[in-house]
Amino acid sequence: MARLSVILAGLLWLRQAHAVVVPSSPPSGAATVDPSLVSISMEFFAFPGYTQLSGTNNCLNNLASLRGAQPAIRIGGTTQCVFSPYGKVPRYSCSLSHRDRATYDANLQSPVNYTVATPADAPLSLTYGPSFFTLASQLQGQVTVGLNRQLNNEANSLAAGSRAKQSMGNLFAIELGNEPDLYASSSPIASGTGWSESIDISNEAKWLTALAPTLGNIFQGAVYLSWNTQQLVSSIGSAALNTIKTISRHSYPQSACGGASTNLPNLMNHAGIVSYVNQYKAEATAAHNAGKKFFLGETNSATCGGGGISPTFGAALWIIDYVLQSALIGVDRLYFHHGTISNCAYCWWGQNAVFSPYYGAVFVSEFLGTDGAKVAALSDTDTGMAIYAVYSAAGTPLRLLVLNTNYFDGTGTRSSTTVSFTGIATASGTKQAKRLTAPSATSLADQGAAVTIGGGGRFGTNCARTGTEGTEAVAVSNNAFSVAVKASEALIVNL
């Protein structure tokens, strides 16, 4: 009986090997990858503060160096619209009674003006001035700016948009409102007539066609959290549709609002990610058929922050899989939201801190590289294992990524899965691999946990690279090799 127990324990630790053939050219279903696939959303009121953090430029430049293009930045969110306290954690929404007054003031000298009880709070009202757009103009990537539509002050939003266009050579798009699906019938924009999806589409069309002659066809449409964007694309009318440059949908797999519980194993599970992301496939297709790019224009792990899951290493692994699965179903960019500085569970960096999820953003960016043109999924047969290949513009396989999303909480024996690859162009020799790992899925880099890339690579409090990244030699024989990846870690193999 003792011998049987030992054998069973060994089988639990070493899972059955996977056999994967590497296609010599991009297979059917491979997706073209935007250079700014991994991008950033910054909460409207917090944006000026992010420009003052030493980590902001370093974190953005790290990603840019890996992809050959700066992450795009979207400046927007609820404080372009409305804030309401919701339970113990701030919940941003355009539907609740505590309305924001995000109003442009052409005479304001500071970028933003607001009052909060503590620095960790978000404001209930704010004004912003011309220097807000001066700060935005200094960002190196393409910038989308969100303006207020809920307050029904078209002239004020036009003045703000005109200033943005005048000041920002990097202006990519303008949003008119944030999450209008959460507006209330009592919102000023409703004008006492109630509020619904069809009313919003009609109202958005009115604003778009009124502002486009001055601002141009530069708008990001929809910006919905819950409504399907296909209805807007199909029914807004050709005049308004012509003013729309991109379509945006907001996406949070879990919620921590109002005491709701979150679940890290579910967040990072590969099968769950595939199922969740697939809901946006039809919307992406509709946008593309209309000649528009489709973005997850605000996204992250959980609404209201999700402190139990969002700052963990498991969230880093979720980011890798979520980004690649989104690309495969037609999402052109994902803008990961960053909220109140020092009170933001899902942020990648903050005041003198870099958090575990950032490591996932870096690792998936390194996998895609400056030369990656198309990405393909090579195996979806295991609920816990995700295997991808990235191809050059010429169709040559460049790198493989093996992601083991099986949850390991740091207790007991950590299982390992072996993946055997065949069809490699090289008959024999060695390939180099780089590993992303941590003591467990719950590891917190900002609390000192050893979250590492390449064995020793980490990020300092200002997001500068520290330590030494190394690679592992992988032996190739007969155009094949095998790698082992433990639960809750990932590996890139350079071909």
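At-a-glance table
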read-out: Candidate set: segment 129-156, residues that are hydroxyl-bearing (S, T, Y) and within 26 Å of the chain's Cα centre (by Cα); chosen: the one surrounded by the most Cβ atoms within 10 Å (Cβ to Cβ); value: T144
read-out: Filtered residues of segment 412-442 (kept if over 16 Å from V20 (Cβ atoms), assigned to a loop (DSSP other than H, G, I, E, B) and aliphatic (A, V, I, L, M)); value: A427, A438, A441
read-out: Filter pass, V375 being assigned to a strand (DSSP E or B) and either of a type in the set (V, I, T) or in the same structural domain as G307 (by TED's automatic domain parsing) (or both); value: yes
read-out: Members of segment 196-255 that are farther than 16 Å from A164 by Cβ and assigned to a loop (DSSP other than H, G, I, E, B); value: S196, L225, S226, W227, N228, I236, G237, N242, Y252, P253
read-out: Scope segment 144-182; condition of a type in the set (A, V, I, L, M, F, W, C) and part of a loop (DSSP other than H, G, I, E, B); matching residues; value: L151, M168
read-out: Criterion: part of a loop (DSSP other than H, G, I, E, B), touching a strand residue (DSSP E or B) at 6+ places or on another chain (Cβ under 7 Å), over 30 Å from N289 (Cβ atoms) and of a type in the set (D, E) - qualifying residue of D382, D409; value: D382
read-out: Residue tally, condition in a strand (DSSP E or B) and more than 23 Å from the chain's Cα centre (by Cα), over segment 388-406; value: 2
read-out: Looking only at segment 394-424, and only at residues there that are surrounded by 16 or more Cβ atoms within 10 Å (Cβ to Cβ) and of a type in the set (A, V, I, L, M), the one that is nearest to T32 (Cα to Cα); value: L398
read-out: Residues satisfying the stated conditions in segment 373-430, i.e. in contact with a helix residue (DSSP H, G or I) (Cβ under 7 Å, 6 or more places away or on another chain) and farther than 12 Å from E489 by Cα; value: V375, A377, D380, T383, Y388, V390, R399, T413
read-out: Subset of segment 286-339 [out of contact with any Cys (no Cβ under 9 Å at 6 or more places or on another chain), in a loop (DSSP other than H, G, I, E, B), among the small types (G, A, S) and more than 28 Å from V233 (Cβ to Cβ)]; value: G306, G307, G308
read-out: Qualifying residue in segment 443-465 (condition: in contact with a helix residue (DSSP H, G or I) (Cβ under 6 Å, 6 or more places away or on another chain), in the same structural domain as V20 (by TED's automatic domain parsing), assigned to a loop (DSSP other than H, G, I, E, B) and loosely packed, with under 14 Cβ neighbours inside 10 Å); value: no
read-out: Qualifying residue in segment 49-70 (condition: assigned by TED's automatic domain parsing to the domain that holds P111, in contact with a His (Cβ under 9 Å, 6 or more places away or on another chain), modelled with pLDDT under 95 and more than 16 Å from F172 (Cβ to Cβ)); value: no
read-out: Restricting segment 182-200 to residues that are at pLDDT 95 or above and within 29 Å of the chain's Cα centre (by Cα), the residue that is surrounded by the fewest Cβ atoms within 10 Å (Cβ to Cβ); value: S198
read-out: Residue in segment 289-300 that is in contact with a helix residue (DSSP H, G or I) (Cβ under 6 Å, 6 or more places away or on another chain) and more than 22 Å from D409 (Cβ to Cβ) present; value: yes
read-out: Residue within segment 230-240 that is in contact with a Gly (Cβ under 8 Å, 6 or more places away or on another chain) and under 30 Å from T405 (Cα atoms) present; value: no
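The values are calculated or read from the model by the stated rules, or taken from the named source; none is laboratory data. Quantities reported herein were computed from a predicted structural model and do not represent experimental measurements. Neighbour counts run over all protein chains shown; Cβ positions are idealised from the backbone, glycine included.
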